[in-house]
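The values are calculated or read from the model by the stated rules, or taken from the named source; none is laboratory data. From a predicted model like this one, the values you see are computed outputs, not experimental measurements. Backbone-built Cβ (ideal geometry, glycine too); neighbour counts: all protein chains shown. Surface accessibility is based on the protein's heavy atoms, side chains included, excluding ligands, DNA and RNA. Shrake-Rupley method; radii C 1.70, N 1.55, O 1.52, S 1.80 Å.
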Amino acid sequence: MDVKGLLSRFDGRSRLLAHSLLSGVAGARSALTVLNRQRSSDPDFSLSFLLETLCQDEACLDDGKQTLTTKPLVCMFSEAFKRNLLCFLHLNGPALPRDSVLRLIRCLSQEANQNPWIRALIYQLHNDIGELTRETPLTPQCRERLKGLCDRFKDIQGKGRWASCFDGQATTLSAHGQEGTLDVESKKRKSQTVDLDVEGDAQQSKRMRMDQLSPKGYADSDGLVEDVEVPEKSPSQQADNGPTVESSTAFQSSTEDSLKELPNHVKAVVPLIKELLESEMEWDESAGSVLRVLNECDSAQAEVLCGMLGLSEAPERTLPQFCSCLLALTPDLSHSTAAVIIKNLLLDKVLSLTEPASRCLVTAATSLCSRYPRPACQTLIEPIIQGGHTGTAQAELLCRLIEDCFEPHHRLLVFQMILIGSWNEGVLSIIHALLDSKLELSEEIFSLFIDQLSSQSSHFTKSMKFAKMTLTILTKYQSNVNATSKHTLSCCLSSNETFLKKSLQAALNRICHL
């Protein structure tokens, strides 16, 4: 059975969740976003119907014997869907309907050739709902490889912290052999110890590399070096590895630790960049070159640096010069760093618009979105659309960015964002701009869009934007309209009260006679 046939077994809300779980590696997180939106409009919404539908028996052909048999619907989906489903259920935690989850686990456990990842996720889900099991998620092959790894560490001369962490593990594995199981609590304690050692070694190595590269600071255009003193941690701070009690204290401590992680030469350029951002002088090549420190920062450090620079409050008149220097960097910024900069530099400015964006803001947004379209979609477009902040000014700017900066696959990404959440007049303008660009819509996406169109139509009976958008569907997407879509669109048109109603009805009738 194809994916469309499988999705047809669900009702509207569950189908949207199931479709989200099919969206690649981000399926679990996408489904969680969809569920949160659904619960915000209906607090009593439950996952019971989705889980019960997945457990229903479906007729299918046995691949080996070519005979008709039955198996649960969930077993007919891909391995990626099953992994996303189990991760999605794990993220929901105690809010799950326990009996339905147990039934789903039994259905998945019936499969003979079970994927090891699926088996491990089932084991975790058992623990999430309080059904502790003595089974281990480790396969016999995995236990054997882990035992060999432990033995290799033990053979290293001058055994240190890493090898000592594996002593107990190796002894347990040797005693139990292939058939032995590992104690759950013991594994947790040892895993935490290993994680702490890894983090400590990584941080120490990182500090040593940065000290070797730039022990004192950053040279300015005159060849002078500005020393930046980094305060040492107190003994109490060095010994404190656990979480704090007060959230405000935890946040302050986290911020201070992040600041101390910035290399000295990065801190040294902060005053210079701030002065450039606040001045009206032209940036020369030497001034713009200080931004190359961004290529040396990871996303966490870039976030701290943006906060120190106050990018969200930077004057709009300086944005074009700043963005021009960013685009001149070689190599390009990483995806994560670009996302952090776009969010800090543009998001608050766009959200606060009450009138059309200034020329400087449009120039900055256009330049960054053209060079880094995917980070822009994730950190600028998505928060505005899904956060319900699409006023007239925001919609006008987003339409311009969609038309001038994005390739078809990025426009399709924005279109899928719109399928989640409610619509307003600003969102309708964005949808119209996307449809005018003649998107290549799959049958599943178009079907979900028509369902959303139907659910929203009652709010826009007198909206000209909604009527024009519907007319675009009937004229430019005739090949996507099937019998089910025709019926849904006919119901939408019956409630339309604009002067375009006759034109809409005529366009629909032409499709019906094709």
- request: Quick one: which residues, 5+ away or cross-chain, put their amide H under 5 Å from the amide H of residue 60? H built at 1.01 Å from N.
  value: 69, 70, 71
- line: Scoring only Lys, Arg, Asp and Glu (+1, +1, -1, -1) among other residues with Cβ under 15 Å from the Cβ of residue 28 yields +1
query: With the contact rule set at Cα under 8 Å and sequence spacing of 6 or more, what percent relative contact order holds for segment 264-434?
result: 20
message: Let me check I have the definition right: for segment 441-513, take the eigenvalues of the Cα gyration tensor, multiply each by 5, take square roots. What are those semi-axes in whole Å, largest first?
response: 18, 14, 10
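Semi-axes of the equivalent ellipsoid of segment 364-433: what are they in whole Å, largest first, if each equals the square root of 5 times a C-alpha gyration tensor eigenvalue?
18, 12, 11
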Simple spin-label estimate for residue 386 and residue 336 in nanometres, 7 Å along Cα-Cβ: 1.9
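What does the charge count near residue 411 come to, summing +1 for each Lys or Arg and -1 for each Asp or Glu among other residues with Cβ under 15 Å from its Cβ? Please report the intermediate quantities before stating the final value.
Numbers: positive: 374, 400, 438, 476; negative: 382, 403, 404, 407, 436, 440.
Counting the neighbours of residue 411, the net charge comes to -2.
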- request: Tell me the trypsin sites (Lys or Arg not before Pro) within segment 434-514 that lie in a loop according to DSSP and have at most 15 other beta-carbon atoms within 10 Å.
  value: 438, 462
message: List residues of segment 302-341, by number, whose backbone nitrogen lies under 13 Å from a label position 7 Å along Cα→C-beta of residue 278.
response: 309-311, 313-315
- line: Rounded to the nearest 10 Å², the 1.4 Å probe accessible area of residue 15 is 60
- prompt: Label points 7 Å out from Cα along the Cβ direction at residue 509 and residue 476: separation in nm?
  reply: 2.5
- prompt: What does the charge add up to near residue 498, with Lys and Arg as +1, Asp and Glu as -1, over the other residues with Cβ less than 13 Å from its Cβ?
  reply: +4
- request: Note down the nm distance, to one decimal, between modelled labels 7 Å out along Cα→Cβ at residue 425 and at residue 45.
  value: 2.7
message: What is the distance in Å between the Cα centroid of segment 1-16 and that of segment 331-350?
response: 37
- prompt: For residue 29 and residue 499, what does the FRET efficiency come to when R0 = 51 Å and r is the distance between their Cβ atoms, rounded to the nearest 0.05?
  reply: 0.70
- prompt: Short version: ³J(HN,Hα) in whole Hz for each residue of segment 21-30, in order, from phi by Karplus 6.51 cos²θ - 1.76 cosθ + 1.60 (θ = phi - 60°), x for Gly and Pro, what are they?
  reply: 5, 8, 8, x, 5, 8, x, 5, 5, 5
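For a quick protection proxy, order the peptides 42-48, 68-74 by their average other-Cβ count within 10 Å, most packed first. Numbers along the way, then the final one.
Values: 42-48: 12.0, 68-74: 15.1.
Averaged packing, sorted descending, gives the order 68-74, 42-48.
Just to verify a number: FRET efficiency for residue 312 and residue 2, C-beta to C-beta distance, R0 = 45 Å, to 0.05? Mind dumping the intermediate values first?
On the way: r = 47 Å, r/R0 = 1.05.
Calculated value: 0.45.
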